1. How about region A:163-195: which of its residues are over 12 Å from the mean Cα position of the chain (by Cα) and closer than 24 Å to residue A:70 by Cβ?
2. Can you name the residue in region B:89-113 that is in contact with a Phe, Trp or Tyr (Cβ under 8 Å, 6 or more places away or on another chain) and at pLDDT 90 or above and is also surrounded by the fewest Cβ atoms within 10 Å (Cβ to Cβ) among such residues?
3. All but one of (1) in contact with a Phe, Trp or Tyr (Cβ under 9 Å, 6 or more places away or on another chain); (2) more than 10 Å from chain B (Cβ to nearest Cβ) hold for residue A:150; which doesn't?
4. Enumerate the strands (runs of 3 or more DSSP E) found wholly within region A:270-353, keeping only those where 1 or more residues are small (Gly, Ala, Ser).
5. Can you confirm whether residue B:152 is away from chain A (no Cβ under 14 Å), touching a residue at least 60 places away in the same chain (Cβ under 8 Å) and under 30 Å from residue B:63 (Cα atoms)?
6. If you scan region A:65-76, which residues turn out to be touching a strand residue (DSSP E or B) at 6+ places or on another chain (Cβ under 9 Å) and either buried (at least 21 other Cβ atoms within 10 Å of the Cβ) or without any contact (Cβ under 8 Å) to a residue 24 or more places away in the chain (or both)?
7. Please determine, by comparing only the residues of region A:21-55 that are in contact with a strand residue (DSSP E or B) (Cβ under 8 Å, 6 or more places away or on another chain) and within 14 Å of chain B (Cβ to nearest Cβ), which one is nearest to residue B:172 (Cα to Cα).
8. Please go through region B:136-149 and pick out each residue that is closer than 24 Å to residue B:196 by Cβ and either of a type in the set (S, T, N, Q) or within 14 Å of another protein chain (Cβ to nearest Cβ) (or both).
Amino acid sequence: MSADVRNGDGVPVSLRGLAKRFGSVEALKPLDLDIAAGELVAFLGPSGCGKTTTLLLIAGIYKADEGEVWFADRRVDGLHPRDRDVGMVFQSYALYPHLTLFENIAYPLRLKRLPDAEVKRRVEQIAEVLSIAEQLGRRPSQVSGGQQQRAAIARAQVKEPSVMLLDEPLSNLDAQIRLQARGEIRRLQKELGVTSVLVTHDQSEALAMADRVAVFRDGALHQFAAPDELYARPADAFVASFVGFPPMNLFDGEVVSGEFVSGGLRVPVPSSWPAGPATLGIRPEDVLLEGEIEGELLVYEPQGRDLLVTASVSGHQVQVLSPGRPLEAGSLTLSFPWERLHLFDAQGVRLEV
Amino acid sequence: MPLRPRAWWLVLLLLAAITVPIVVGYLWIVIGSFNTRVHGITPVGEWTLENWRFLGERLGRRPSIWTALLNTLLFAGGVSLLVVTVSAMAAYAISRLSFPGRGWFLGLVLVLHAFPAVSLLIASYYVLRVMGLFDSLVGVVLVMTSFMMPFGIWLLKGFFDNISWEMEMAALVDGASRWRIFRTIALPLVRPGLFALAVFTFLVAWGEFILPYTFIVSGRTWTLSIYLQSMLGDFERADYGLVAAVGLFYVLPAVAVFLVGQRYLLDMYFGGSKG
């Protein structure tokens with residue numbers, strides 16, 4: 001990896017009350033978000049949640065209906081995309097099929113009217129960093145998907161933007177290359193120190209790559225936190241169910257004096273917990289395959305190291321991830337250690353207990 | 001579903017039967033232009049080059065055939081160039097930009113496409129008179145261009161619609177203006193469409209008769225179609241050998257253009273291809 005690519009002057013990005021609607025659809029409800037300089041933030045959520053809309057608002061391809069976008073002390077929301085100094089990588093890569101990789105990567109530089117020698121130097125340098133120097137003379141259709149993807153990153157990075165935007169950059173790659181590309185993008189981003197936003201619907205990708213993750217649903221931000229925090233203390237029931245695989249077990253019910261009750265399921269909880277309607281959550285790996293809760297074994301799937309057990313407990317399905325031995329068909333017992341439980345109120349908001 | 005050999009022969013036979021009258025017509029032109037007398041398509045006279053004398057001399061008060069050829073080239077080439085240039089810009093705007101009245105404009109183009117041009121002949125005549133372009137090549141080129149624009153816009157809009165939005169967004173972020181994107185990204189990507197439209201409009205204009213016939217009077221601006229027509233509508237008896245030779249002379253450039261451009265035309269009929 002070459003060290004003379006510009007380094008470490010990413011800018012902080014600040015979104016203030018940013019909102020966008022398409023007709024009667026609120027694509028993005030007013031959003032406040034602060035991204036630190038040099039940070040990689042993932043926007044995570046199901047499709048149609050507003051994550052790509054937000055990205056395109058930052059890029060300047062959509063005009064915001066309300067709110068402001070700040071790159072450091074520069075307000076950019078009124079600017080044309082070309083004046084914002086952003087680089088962007090698209091899901092389809094969006095390389096120009098009639099140009100060679102060299103001309104693709106050179107395109108942003110040519111628009112800046114840099115002298116030919118300078119264009120050549122910078123294109124070759126970034127191509128070297130991304131190991132596509134050998135392919136520069138070819139057209140996009142003549143190189144592999146992984147090389148196309150790296151060419152797209154090179155084109156976004158070659159003008160050394162203050163902010164890098166990545167829209168599902170890995171979803172068109174084969175599973176094997178995807179893991180490798182994940183690491184490469186992360187390493188490159190850290191090395192260049194460019195502030196980056198990554199849009200993805202793949203939670204493992206978000207958790208693996210990002211410094212912090214913003215979880216969206218229905219145009220609203222649900223939580224913005226570091227991956228550990230997101231996993232250990234989801235802010236609401238949606239984040240709890242969306243982040244982590246297999247997903248967290250959630251039960252709608254009620255807390256009544258030292259017990260959580262949901263239909264026939266009764267889970268002992270500390271008596272200090274507030275009484276009232278609530279949702280109880282526990283991650284599959286936190287459930288123990290022994291205890292006083294009785295259930296029925298439905299399926300178990302060996303997953304290599306672990307065993308994924310699906311059990312039925314008083315009409316609820318419970319998933320358990322256990323390193324344990326294969327089970328006999330029939331009944332089993334479970335327990336939910338109380339210190340591993342997550343509690344959400346009737347609106348789904350996390351209760352700190 | 002692939003056809004069995006026997007079925008193939010039947011299809012070929014049917015197609016041949018339908019094509020025979022046209023083939024006979026062309027045979028007549030070729031044979032008639034090199035023979036003094038023809039019965040049906042059987043040459044009964046002597047083989048001769050006499051019918052081709054129009055290449056070297058002016059017939060009656062007609063202009064030289066070379067003047068007519070040059071005029072036809074200018075006419076067809078001018079129409080082709082103008083239609084492609086203007087349609088490309090209009091089609092890109094309709095396909096990609098949002099501007100007030102876009103839907104309305106789209107509908108209008110479609111209606112105009114279906115509008116028979118002949119019904120506007122007299123109106124066009126007045127417009128040309130007012131503009132002082134009557135009896136000039138420029139005038140006919142403009143009228144023909146405007147009649148062909150709706151088709152060109154619709155055709156190219158289809159090609160532009162095929163370009164992914166992400167590509168356009170990428171160019172915007174890369175720092176390009178819309179005009180720049182149009183020139184350096186969109187136009188090269190619809191090149192097959194541009195070529196197809198150019199060839200198609202050239203051929204249509206090459207064969208056009210009504211417009212030049214209506215708007216051109218003086219011999220120096222005659223096109224080949226007028227030249228050919230003048231040999232049929234004369235007081236003197238038509239010299240069929242001569243008509244055949246002029247007809248052959250008229251059709252050859254079109255055939256050449258078609259042969260060069262046919263792969264683009266195929267693109268057009270299959271609705272465009274990806275670069």
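The values are calculated or read from the model by the stated rules, or taken from the named source; none is laboratory data. What you are looking at is a predicted structure, and each value in this text was computed from that prediction instead of being measured. A quick note on method: Cβ atoms are made from the backbone with ideal geometry, for glycine too, and the neighbour counts reach across all protein chains shown.
1. A:163, A:164, A:165, A:189, A:190, A:192, A:193, A:194, A:195
2. We begin by selecting, within region B:89-113, every residue in contact with a Phe, Trp or Tyr (Cβ under 8 Å, 6 or more places away or on another chain); these are B:89, B:91-96, B:109-110, B:113.
Narrowing further to those that are at pLDDT 90 or above: B:89, B:91-96.
On the way: B:89: 15, B:91: 26, B:92: 23, B:93: 18, B:94: 20, B:95: 19, B:96: 17.
For region B:89-113, the residue satisfying everything is B:89.
3. (1)
4. Numbers: elements: A:276-282, A:288-303, A:306-313, A:316-322, A:331-335, A:342-345.
Passing ranges, in order: A:276-282, A:288-303, A:306-313, A:316-322, A:331-335.
5. Values: away from chain A (no Cβ under 14 Å): yes; touching a residue at least 60 places away in the same chain (Cβ under 8 Å): yes; under 30 Å from residue B:63 (Cα atoms): no.
For residue B:152, the condition - away from chain A (no Cβ under 14 Å), touching a residue at least 60 places away in the same chain (Cβ under 8 Å) and under 30 Å from residue B:63 (Cα atoms) - is not met.
6. Of region A:65-76, the ones touching a strand residue (DSSP E or B) at 6+ places or on another chain (Cβ under 9 Å) are A:65-72, A:75-76.
Answer for region A:65-76, where residues must be touching a strand residue (DSSP E or B) at 6+ places or on another chain (Cβ under 9 Å) and either buried (at least 21 other Cβ atoms within 10 Å of the Cβ) or without any contact (Cβ under 8 Å) to a residue 24 or more places away in the chain (or both): A:69, A:71, A:75, A:76.
7. Our first condition is that a residue be in contact with a strand residue (DSSP E or B) (Cβ under 8 Å, 6 or more places away or on another chain); within region A:21-55, this holds for A:21, A:26-46, A:49-55.
If we keep only those that are within 14 Å of chain B (Cβ to nearest Cβ) as well, we get A:52-53, A:55.
Values: A:52: 16, A:53: 16, A:55: 14 Å.
Restricting to residues being in contact with a strand residue (DSSP E or B) (Cβ under 8 Å, 6 or more places away or on another chain) and within 14 Å of chain B (Cβ to nearest Cβ), the top hit is A:55.
8. First, the residues of region B:136-149 that are closer than 24 Å to residue B:196 by Cβ: B:140-149.
Answer for region B:136-149, where residues must be closer than 24 Å to residue B:196 by Cβ and either of a type in the set (S, T, N, Q) or within 14 Å of another protein chain (Cβ to nearest Cβ) (or both): B:145, B:146.
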